[in-house]
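Below: one structure, written as structure tokens.
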Amino acid sequence: MKTSPRERVDAGLAAAALYKARTNAAPITEAEAAATSGNGHDTSERAVVLENQGRQALESVTLDLRELASPEPPPFVIPEWLPEGCVTLLTAHGAGGKSQLALYIAICLAAGRALFDQPAGRPRRVAVYSCEDSDHVLRWRISNYCKALDIEPAALAGMLHIINAGDLQAPELFVAGTGRDSTGEPAPSYGTLRGYMHAERIEVLIVDNASDTFAASEIARPVVRAFFRALQRLLPDKAGAVLLLGHVNRSASAGGIAGQDGQNYSGSTAWHNSARSRWELTRDRKGGGGSGSGADDDDEAGTDAPYILKRVKGNYAAEQRAGVSFHWNHVHRVILPVEQAGPLVQAIEQRNIEHQVLAAFAEAHETGQRISPAVTANNNAAAIFTSMGVGLPRRLRSMKALAPVLRRLQQRGFLTIEQYTDDGQRKTRQQWTLTENGFAEVRK
């Protein structure tokens, strides 16, 4: 079939592009391609060489079907969750727990601990490229996690690398290129990070986060794809994995909920399509007794809305809609999986809550407020504590949840029920009262 001169020029340029992709030779120009198009027969020696080498470039990336006898399944760093050789995207609201979860994952991987109900693997060399938190915050959180997980920090030396990129003058890893058709280019910090990863033999890179490291248009699909490919190239020998943290889109952020069908990532669909695996971290405000608003409450002020981590995309594993539950640990002040809170941690948390309740009873005693043991009374413990502004965890702000705590304190001899006469109606009523042991416990 006869082809037009334009088609022959395009074919020559395509062959040259393939050749350029596999070698360091200068690409053929459009003028050279046009000059050799003739009547459909390329006569220049260079055009023939380019065509042959372009064909060889295609052949070098063509699968040999004879090697399909016993193919191995795609490998994972975290089975079912973090596939090797590619980028996984984790999205959440701002202040939604991404950075804490990233540190938890990094520490567990470096220590060879189990994650997300999956078997523990060998210890991995992990680097966290953090652009958001200060040195003090990073050290404080890592110390808290080590205490919660019973890990000696010295055991992580050489395995866990925390890079505080926020202190760099230009932490960006990828920037917009010059020219109308540019798909962006790696920034100077990219080369520095790549050299560091190869020198330290880093196997897992966690980038916190996309908004600080991607300095280009997030809605330009070719640029986003180029960014993901650049992150993949950071991995030595394409082994290991990259976990990229990102924010939710504007509508999800305003509504405080995940987007429809889990599409709550910010930017174009290329962010979803380029990631081989994608996770979402949300807060179950309704289930945790919260308001359901998008604004994140201060966890240290007592909110107990659980964090839910879901795997909403997995090219090499099934979606996992049920999710893994995390909670704010009031003892260590970090988020941990619900099952991670062992008996010792649970006992400490219970003791702290009991002390807080006893302190509230002491304050009520000083202000002359009577607290009824009747669950349905208007002056029950939950109602009085709410009016006093006692900062109990939200899960304990109803009598259904608070009643077992009061019974336990009564059994331990810190609370007792006594009768009194209502001066106004001259009726005998009951109230909770701190015992001497209860007052002594408050003073500890």
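Every number in this text was worked out from the coordinates using simple rules, so none of it is lab data. Quick caveat: nothing in here was measured; it's all calculated off a predicted structure. Please note: Cβ atoms are built from the backbone with ideal geometry, for glycine as well, and neighbour counts cover all protein chains shown.
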Legend entry - Ordering of 368-379, 92-103, 139-150 by burial proxy (mean other Cβ atoms within 10 Å per residue, highest first): 92-103, 139-150, 368-379
Legend entry - Taking the C-alpha atoms of region 59-122, convex hull volume expressed per residue in Å³: 138
Legend entry - Extended-chain gain in nm, criterion 0.36 nm per residue less alpha-carbon gap, GLU366 and SER217: 47.6 nm
Legend entry - Whole-Hz ³J(HN,Hα) from phi, Karplus 6.51 cos²θ - 1.76 cosθ + 1.60, for region 121-132, glycine and proline x: x, 6, x, 10, 7, 10, 10, 10, 9, 9, 10, 10
Inset, instruction - Could you please report the charge total around LEU205, scoring K, R as +1 and D, E as -1 over all other residues with beta-carbon less than 14 angstrom from its beta-carbon? - result: +1
Inset, instruction - Considering the convex hull of the alpha carbon atoms of region 344-443, report its projected area averaged over all viewing directions, in nm², one decimal. - result: 6.6
Inset, instruction - Compare the peptides 117-128, 270-281 by average per-residue count of other Cβ atoms within 10 angstrom and give them in order, highest first. - result: 270-281, 117-128
Legend entry - Counting DSSP beta bridges with both ends in region 62-173, the antiparallel % (nearest 5): 40
Legend entry - Net charge contributed by nearby residues that have their C-beta within less than 13 Å of TYR145 (K/R +1, D/E -1): +3
